[in-house]
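Structure record follows, encoded as structure tokens.
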Amino acid sequence: MSERGRALAAFGFVSFRRYQLARLASVLSTQMASVAIGWQVYATTHRALDLGYIGLAQFLPAVGLALVSGVVADRFDRRRVVVACHALVALGWAALFLLTRHGITSVAPIYAVLVVLGVARSFAGPASQALVPNLVPDEALGSAVSWGSTVWQLATIVGPSLGGLLYGVGGAAMVYLVAMVGSATAAALVFGVTPLASSRPVAARARSWDELLAGVHYVWNHRLVLGLISLDLFAVLLGGAVALLPVYAHDILHAEARSLGLLRSAPAVGATAMAVWLAYRPLRGRAGLWMLVSVAIFGAATVAFGCSRTLWLSIAMLVIIGASDMVSVVVRQHAVQLATPDAMRGRVSAVNQVFVGASNELGEFESGVMAAWVGPVRAVVLGGVGTLLVVALWAGLFPSLRKLDRLERSAKE
């Protein structure tokens with residue numbers, strides 16, 4: 001098969017195409033609505049702290065339900081679980097639409113809806129990740145992971161801009177209405193997906209703590225999987241420069257508001273370009289080494305960004321940060337899926353989702369605390385240095401990660 005054929009292999013399966021269209025609609029809806037929620041909450045309270053509660057309201061359910069959501073993904077039809085989650089999210093956007101149309105003077109109802117959306121996300125994440133390997137054969141999984149990441153990044157670039165445009169035309173209500181249609185469309189598209197293999201790999205059996213904790217035990221006892229997931233956790237947790245972009249744009253780079261948009265889009269641009277590159281030029285060997293190198297580049301670029309006083313140099317470093325992070329994402333997702341039995345993928349994906357969520361949300365919190373303590377520049381530079389130290393430490397602690405070669409079914413410890 002030609003390089004082009006291998007890169008596009010996943011698109012040869014109609015269910016994968018439908019699933020990615022569903023993800024595009026879903027992520028676009030979420031990104032659009034996030035803009036409206038942020039503006040609406042701040043316009044209501046005029047307190048920056050209330051913006052932090054937006055992420056917290058969605059993250060806490062993901063943590064609290066991680067064990068249960070993983071079991072659900074492994075005990076029930078994953079396609080139906082994802083459909084139900086998209087439908088619940090559509091109802092959430094509908095609730096925000098109605099609340100906005102009738103006028104609200106408190107943010108409490110918004111947070112209540114966000115908790116419901118967080119519940120939906122907690123179940124959708126493991127089921128979605130575990131469903132992908134059921135849509136394509138093993139030899140096309142690398143293509144599926146790369147293009148899946150590309151779709152997500154494209155939606156992340158376009159979604160906020162589209163949300164801002166709709167907000168300017170019709171206010172928050174219009175954004176929520178369009179988001180509702182997008183999530184409902186995603187539910188309909190996933191409903192039409194037909195997995196190559198059964199997406200209900202485990203027969204129903206009595207619930208037990210052993211079953212609930214099986215994903216945690218599996219990750220802890222398999223050094224390769226633990227190394228892959230934890231490296232991303234600590235690298236992103238420490239190297240969270242993106243959270244401080246408003247401070248950098250205003251106080252350090254002395255840039256205009258529209259320049260902040262460029263800074264925010266830069267990591268996604270780099271990530272998208274790298275995802276497309278890896279789809280056409282997948283890693284043929286030394287995948288673990290490439291992952292370690294990419295995370296080291298992520299840390300070094302973070303340090304360079306922290307020291308930069310020029311807008312375009314800062315943008316360039318953010319592009320590199322996004323591109324290097326994408327190498328890590330593709331290797332981690334591909335290797336973890338292949339190293340995990342299908343019957344365990346839902347529970348392991350639930351653990352992975354908690355790690356990823358913690359690295360993002362807690363990374364923002366850590367960046368804010370460090371910036372208040374030592375200043376934004378030192379916070380970013382120290383975070384990048386910390387990431388480099390983590391790479392060196394993980395290379396020694398997890399030899400299976402360092403020795404990971406080809407991303408194939410045999411890619412286990």
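With bins 10 Å wide starting at 0, give me the P(r) of the stretch 1-142 over every alpha carbon pair, in whole percents.
The calculated distribution, bin by bin, is 11, 34, 29, 18, 7, 1, 0.
Hey, how many Å between the Cα centroid of the stretch 15-74 and the Cα centroid of the stretch 274-311?
Answer, in whole Å: 27.
Starting from the eigenvalues of the Cα gyration tensor, five times each then square-rooted, give me the equivalent ellipsoid semi-axes of the stretch 36-114, largest first, whole Å.
For the stretch 36-114, the ellipsoid semi-axes come out as 29, 16, 8 Å.
Compute the distance in nm between two label points, each set 7 Å from the Cα along the Cα-to-Cβ direction, one at LEU60 and one at THR44.
The answer from the label model is 1.6 nm.
Every read-out reported here was derived from the displayed coordinates using simple, explicitly stated rules and does not represent laboratory data. Since we're looking at a predicted model, the values are computed, not measured. Don't worry about glycine lacking a Cβ; one is built from the backbone with ideal geometry, like all the others, and counts go over all protein chains shown.
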